[in-house]
1. Roughly what angle does helix 150-174 make with the longest principal axis of the chain, taking Cα atoms, 0 to 90 degrees, to the nearest 10?
2. Which one, Leu28, Ile183, Val331, projects farthest toward the positive side of the charge dipole computed for the range 21-359 from Cβ point charges (K/R +1, D/E -1)?
3. Mind checking the angle between helix 231-259 and the chain's longest principal axis? C-alpha axes, 0 to 90 degrees, to the nearest 10.
4. With 10 angstrom as the radius, rank His95, His310 by how many other C-beta atoms surround their C-beta, starting from the fewest.
5. Using square roots of five times the C-alpha gyration tensor eigenvalues, list the equivalent-ellipsoid semi-axes of the range 269-335 in whole Å, biggest first.
6. Can you give me the long-range amide H partners of Asn397? Hydrogens built in the peptide plane at 1.01 Å from N, cutoff under 5 Å, separation of 5 or more residues or another chain.
7. Pairs of lysine in the chain with Cα under 28 Å and at least 8 positions apart or on different chains: total?
8. Of the candidates Val45, Val288, Val103, which one comes out as most mobile in a Gaussian network treatment of the chain with C-alpha springs shorter than 10 Å?
Amino acid sequence: MAVSDPSDASQAAPEQRKPSWKLVGPGLVVAATGVGSGDLVATLVAGNLFGYTLLWATILGAIVKISLAEATGRWHLATGRTIFDGWSSLGRWTHVYFAPYIVIWGLIYGAAAMSASALPLAALFPVLPLWAWGMICGVSGLVFVWFNQYAVFEKVMTVFVGIMFVTVVGLAIYVVPNVGEAILGLRPIVPNAEDSLMTTLALIGGVGGTITMAAYGYWVNAKGWRDATWVRMMRWDNRIAYITTGLFVIATLVLGAELLYATSITLTQDDAGLMALADVLEDRFGRVLSVIFLIGFFSAAYSSILGVWHGVSLMFADFIGHVRGKVNRPVEEREQSWAFRGYLLWLTFPPMLLLLFDRPFQLVLIYGMLGAFFMPFLALTLLWLLNSKRVPQPWRNGWVSNVGLAVSGLLFVVLCVNELINQISSI
């Protein structure tokens with residue numbers, strides 16, 4: 001297919017490939033990676049505190065993620081360039097932000113992800129301490145990603161998505177959700193309670209939303225979708241994935257609402273909150289249902305390890321390639337690069353020190369302040385890029401995409417400012 005001038009307004013959109021269920025994959029990968037233990041906690045706590053009142057917020061959150069992931073995938077397919085190519089075209093300031101962010105984020109996330117994956121394993125198999133299970137999870141993720149390319153990686157991630165969905169959604173059905181209350185929860189109402197507005201915004205913006213949103217385009221390319229003829233298929237893939245994710249987080253809200261709302265139990269807003277729910281399930285329904293939940297919990301946490309180890313390492317390899325003047329390398333080449341494997345090692349071994357010695361306060365502070373900027377950075381730069389001549393005319397943003405990205409950007413800016421205030425006040 002001939003390459004046209006991206007600024008040619010008369011350029012016609014190429015013929016689109018027909019969407020197929022058999023080709024769905026990259027969206028499930030990004031959804032499984034983005035929904036980790038922290039997202040389960042946030043949704044569970046919302047159900048614990050407010051019942052079904054914030055059901056509408058979980059649905060809106062899934063729509064926000066559809067908008068962001070679609071924009072990322074469309075950039076990769078319409079331009080034939082990676083998202084980091086796009087950021088680089090906006091100026092070197094993007095490199096200045098991205099370099100310290102991805103290094104610090106990787107260190108803290110590695111420890112958090114290993115710890116979260118270890119919790120259900122330690123509960124199911126209390127033969128090893130928590131830190132040992134965490135190290136096993138990190139090293140096994142490293143070995144798997146090191147020796148397998150995207151095709152195998154996608155199949156394994158799809159299995160984890162299936163386990164997550166069947167266990168958690170199955171439990172939500174088993175506890176018999178209150179349909180009437182759920183319908184009332186579709187009304188966009190913010191609970192009348194302290195900090196309820198920020199809880200609502202965080203639920204909309206936080207579930208399934210991390211740096212891995214930007215990795216979607218790399219996984220789309222790894223699938224073999226590398227030009228604009230795949231845009232329709234990418235959109236289908238993306239919607240299926242986030243509808244699945246939406247049902248999953250709604251099921252978590254149902255568990256919080258049905259098992260914990262209007263009780264004296266108040267969950268902690270960390271991974272221990274999920275263990276508390278496992279205890280409640282065991283007390284009320286027996287050990288079997290508790291074990292089923294722990295399996296779903298582990299699947300959510302460990303799939304995030306695999307996804308981050310692969311996807312963010314690809315982004316880091318792309319970043320290093322730009323620094324060295326080697327751009328637009330095939331995904332397969334990036335997977336074999338020293339930068340990809342070096343970042344895998346960084347995600348795995350230095351964070352183990354944090355598992356043993358706890359997290360230094362100053363590092364957590366810097367991580368929180370940098371991390372608060374990433375989602376507004378992603379939303380607003382996509383808004384900028386996809387309305388520019390860098391993108392062929394047929395694939396530039398329409399008003400729906402512009403509204404979606406603008407609302408997302410504004411939401412994340414508010415959350416960013418709130419996070420900064422919280423971090424500064426904790427000094």
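1. 40
2. Val331
3. The angle comes out near 10 degrees.
4. Least crowded to most crowded, the residues run His95, His310.
5. They are 42, 11, 5 Å, listed largest first.
6. Asn387
7. 14
8. Judging by the Gaussian network model, the answer is Val288.
Values quoted throughout were computed directly from the atomic coordinates according to the rules given, and no laboratory measurement underlies them. These figures come from a predicted structure and were not determined experimentally. Cβ: placed from backbone, ideal geometry, glycine included. Neighbour counts: every protein chain shown.
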